[in-house]
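Below is one structure; the comments refer to it alone.
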Amino acid sequence: MNPLLNQLQPYPFARLREAMQGIDAPAGVKPVPLHIGEPKHATPKVITDALTASLNELSSYPLSAGLLELRQACADWAARRYDGLTLNPDTEILPVLGSREALFAFAQVVLDPSAAEKNIIISPNPFYQIYEGAAYLGGGDIYFANCRAPDFMPAWQEVPEQIWQRTKLVFVCSPNNPCGSVMQRDDWAALFALQDRYGFVVASDECYSEIYFDGAKPIGCLQAAAQLGRSNKGLVMFTSLSKRSNVPGLRSGFVAGDAALLKAFSLYRTYHGSAMSVPVQRASIAAWQDEAHVAENRRLYQEKFSKVVPILRQAFDVQMPDASFYLWLKVPGGDDLAFAQKLWREAAIQVLPGRFLGRDTPEGNAGEGYVRIALVAGVAECVAAAETMVALFR
């Protein structure tokens, strides 16, 4: 067996299941799953129609690079979304099977296993767990930049010089999972300055970019670079239809940015066997070309947040996220695990303890003392859950 597997920790949901063993929810109460960030809104008809209309194309082997029509649809969407951002569909866009597999695989392309010292990947903390697995299984190591109140931005300034000198890749998640914070242009400029000094690659995870509020569109990595007069050298953006279009089961997204990096990534993926089926590509084209369903998706999330946050503020220290569908709630007393266990035991409400999304650092575990609440259930269900939480902890 690959000994690198021994470095992996159980996934947060496995840890949650273990922590809940022996704790029974109230009999007859329907569980409210707010712990997993799985969209529950209906899949738009424009997508399902395109998928079913192209099922006859399952008889064809798909190309790793995807259909030109799909790459062009992605480039057109990026131009509309990011203020005229220009991307070459032949060299600067690559369709992928959702951002998760691409984020993991990309690290294998960037890390150098022949280096005298292990390459380092820097990740926000708390973080999307794929970043850690990508680092370890790529033969590298990982260093965590804590995200703490009040802004929940990664503390790049606390990373030691000797760590930066060995850093090959920096993962950025904006909008952030789980904190909901968004990198602003000045934040990007600060990271780009570090990139110029140390020469690392930036992998920007932007899968929550379309769930924002009051028209405040999060700025993207490539958009920020263009606004600052930079090229996309050393920059790769990852995005997905899962959250934007309520199709997590479609497994469709795309990667964009540095043509040289994408050329290498395309070679890797050719051997990796991760080409997207043609019907999924047709459905993806329809999704990227339609914004009406995305606007309705945002409206539903906005309604949930506008109703749930005022209720929770009666008993908790909780703020609206800049974007995403997560609430990063500070728990009374600071014991996030005990908080989650009490909610399950007394109300059948499932939330995710923040400690499971973070790692211990000399400054502590930045996720401890918080729980992540995914407002993915229906409006009424989310409101009822919030009212129950207030009644239990007021």
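The values are calculated or read from the model by the stated rules, or taken from the named source; none is laboratory data. In this text, all values refer to a predicted model and were calculated from it rather than measured experimentally. Every residue, glycine among them, receives a Cβ derived from its backbone with ideal geometry; neighbour counts consider all protein chains shown. The area values use the complete protein model at the heavy-atom level, side chains included, leaving out ligands, DNA and RNA. Shrake-Rupley method; radii C 1.70, N 1.55, O 1.52, S 1.80 Å.
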Discussion item. Go through (1) part of a helix (DSSP H, G or I); (2) modelled with pLDDT of 95 or more; (3) open to solvent by less than 20 Å² (accessible area, probe 1.4 Å) for residue 177 and report which single condition fails.
Written reply: (1)
Worksheet entry | Residue in the stretch 359-374 that is part of a helix (DSSP H, G or I) and open to solvent by 10 Å² or more (accessible area, probe 1.4 Å) present | no
Discussion item. Quick test of your reading of the structure: residue 56 fulfils all but one of (1) more than 21 Å from residue 381 (Cβ to Cβ); (2) assigned to a loop (DSSP other than H, G, I, E, B); (3) over 25 Å from the mean Cα position of the chain (by Cα). Name the failing condition by number.
Written reply: (2)
Discussion item. Going by what's in this entry, would residue 287 be described as open to solvent by 50 Å² or more (accessible area, probe 1.4 Å), aliphatic (A, V, I, L, M) and at pLDDT 95 or above?
Written reply: no
Worksheet item: Is at least one residue of the stretch 298-308 touching a strand residue (DSSP E or B) at 6+ places or on another chain (Cβ under 8 Å), open to solvent by less than 50 Å² (accessible area, probe 1.4 Å), within 23 Å of residue 82 (Cα to Cα) and not polar (S, T, N, Q)?
Response: yes
Worksheet item: Among the residues of the stretch 192-207, which ones are of a type outside the set (Ser, Thr, Tyr) and either open to solvent by 10 Å² or more (accessible area, probe 1.4 Å) or under 19 Å from the mean Cα position of the chain (by Cα) (or both)?
Response: 193, 194, 195, 196, 197, 199, 201, 202, 203, 205, 206, 207
Practice prompt. Keeping to the stretch 135-163, report how many residues are in contact with a helix residue (DSSP H, G or I) (Cβ under 8 Å, 6 or more places away or on another chain), assigned to a helix (DSSP H, G or I) and open to solvent by 10 Å² or more (accessible area, probe 1.4 Å).
Written response: 3
Worksheet entry | residue 301, sole failed condition from (1) modelled with pLDDT of 95 or more; (2) farther than 19 Å from residue 206 by Cβ | (2)
Discussion item. Could you go through the stretch 111-134 and let me know if any residue there is part of a loop (DSSP other than H, G, I, E, B), touching a residue at least 40 places away in the same chain (Cβ under 8 Å), out of contact with any Leu (no Cβ under 9 Å at 6 or more places or on another chain) and not hydrophobic (A, V, I, L, M, F, W, C).
Written reply: yes
Practice prompt. Provide a single number: the residues in the stretch 112-134 that are farther than 22 Å from residue 180 by Cα, touching a Lys or Arg at 6+ places or on another chain (Cβ under 9 Å) and either open to solvent by less than 10 Å² (accessible area, probe 1.4 Å) or of a type in the set (D, E, K, R) (or both).
Written response: 4
Fill in: Whichever residue in the stretch 71-99 is assigned to a helix (DSSP H, G or I) and touching a Ser or Thr at 6+ places or on another chain (Cβ under 6 Å) and, among such residues, is surrounded by the most Cβ atoms within 10 Å (Cβ to Cβ)
99
Worksheet item: In the stretch 362-378, how many residues are of a type outside the set (Asp, Glu) and at pLDDT below 95?
Response: 4
Fill in: Pairs with Cβ under 9 Å, 6+ apart, first in the stretch 146-162 and under 14 Å from residue 127 (Cβ atoms), second surrounded by fewer than 17 Cβ atoms within 10 Å (Cβ to Cβ) and among the charged types (D, E, K, R)
146/158; 146/363; 148/363; 155/148; 155/363
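Each row is one residue, and each column tells you yes or no for (1) touching a residue at least 40 places away in the same chain (Cβ under 8 Å); (2) of a type in the set (Asp, Glu); (3) under 26 Å from residue 158 (Cβ atoms).
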| site | (1), (2), (3) |
| --- | --- |
| 311 | yes, no, no |
| 319 | no, no, yes |
| 330 | yes, no, yes |
| 351 | yes, no, no |
| 357 | yes, no, yes |
| 363 | yes, yes, yes |
| 374 | yes, no, no |
Fill in: Selected residue [without any contact (Cβ under 8 Å) to a residue 24 or more places away in the chain, at negative phi and not in a helix (DSSP H, G or I)] from 27, 42
27
